[in-house]
Amino acid sequence: MKKLTIMGCFVLLSVAALAMPLGTSSRAVIPSDIQQIISVDYRALHDSPTAMALKEQVLPESLKVFEKALKGVGIDSERDVDQLTFAAYRMGKKDVKVVGMAQGSFSSKTVLKRMKLKKIVPTKYRQSDMYAMGNGMIMSFLDENTLLFGDDGAVKGALDARDGYTPTLDSNPTMSDMMASVDGSPVWSLLDQQGTQNMMRSALGDATKVADYDTVKKRLLGSRYTMDFSSGVNFNLDVITSDSITAATMSSLVKAGMLYKKMNATPVEKVAIDALTVDSDSSKLQLHFKTDDKQFQALMKSDLFAAVSK
């Protein structure tokens, strides 16, 4: 539950034309030392057969646990949740915690009534009531329609941020600046510097041997993506670098990696690689992937997709 992968979270997709920005209550509990944020508009998730097929194939176990925990307190993520946000943040040098924030049509009064009937008594953490959800999960309402949940330590760390005991997301200019341009998209994610470096190393594969990637990676500052199924499959990834030279270098490396992968790719995988465009704009490396539903569902059955979705 301590890792949210990029491809593993493509499973939460929306076809809504307009999506909700992250709520004030949800933003307030995100600590400053953030590793990744993933926010999803759930309202139109089931309108896309491709999104549903993708969800069934690669839904990570951590997200299954979250959804099951919500259902245990009477909240059906498919029916009651409008927006679901996950935040992975560092607590200390090595420990990474994950919390979820669900916002929707459910009511705190209804959920708490159910908890009372189940004889679940809350524990106090300063002024907040925390309830056991089962599966080792704890929940606390942030407002009438927003629920914070995760393991005990993760929830307390998030409440510490909201209550002013630790810095919040707003004190992290790199992540908050990246968020400004994607917040309100149907599905979006931010990844910090270390996560971005690891992601690009994995994506480039043997292409990292062509140049001194260990030197270049130090100038990768973070990344963000948006994805939707409003017209086929559209995925846009920006990797933020320190300067235009680094962005151009990374663009060349990614293109070299695509050529290398294409040499041993299946016909379906070659179509997918051809659908990916790579460019640089000022200090940003930009990747755009677009294909139709049929081609993407065929790609999902390939060995290449199996490798990158783990």
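The values are calculated or read from the model by the stated rules, or taken from the named source; none is laboratory data. What you see is a predicted model, and the numbers here were worked out from it, not measured in a lab. A quick note on method: Cβ atoms are made from the backbone with ideal geometry, for glycine too, and the neighbour counts reach across all protein chains shown.
For the reader, a short list of remarks on this structure follows.
- The set of residues in region 237-255 that are under 20 Å from Ala275 (Cβ atoms) and either touching a Gly at 6+ places or on another chain (Cβ under 9 Å) or buried (at least 18 other Cβ atoms within 10 Å of the Cβ) (or both) comprises Leu237, Asp238, Val239, Met250, Ser251, Leu253, Val254.
- Test: residue in region 43-65 that is at pLDDT 75 or above and within 17 Å of Tyr225 (Cβ to Cβ): no
- Only one of the numbered conditions (1) at pLDDT 95 or above; (2) hydroxyl-bearing (Ser, Thr, Tyr); (3) farther than 19 Å from Pro31 by Cβ is not met by Tyr131, and that is (1).
- Where strands (runs of 3 or more DSSP E) sit wholly within region 195-310, those with at least 2 residues that are at pLDDT below 85 and within 26 Å of Ser181 (Cβ to Cβ) occupy 220-228, 233-241.
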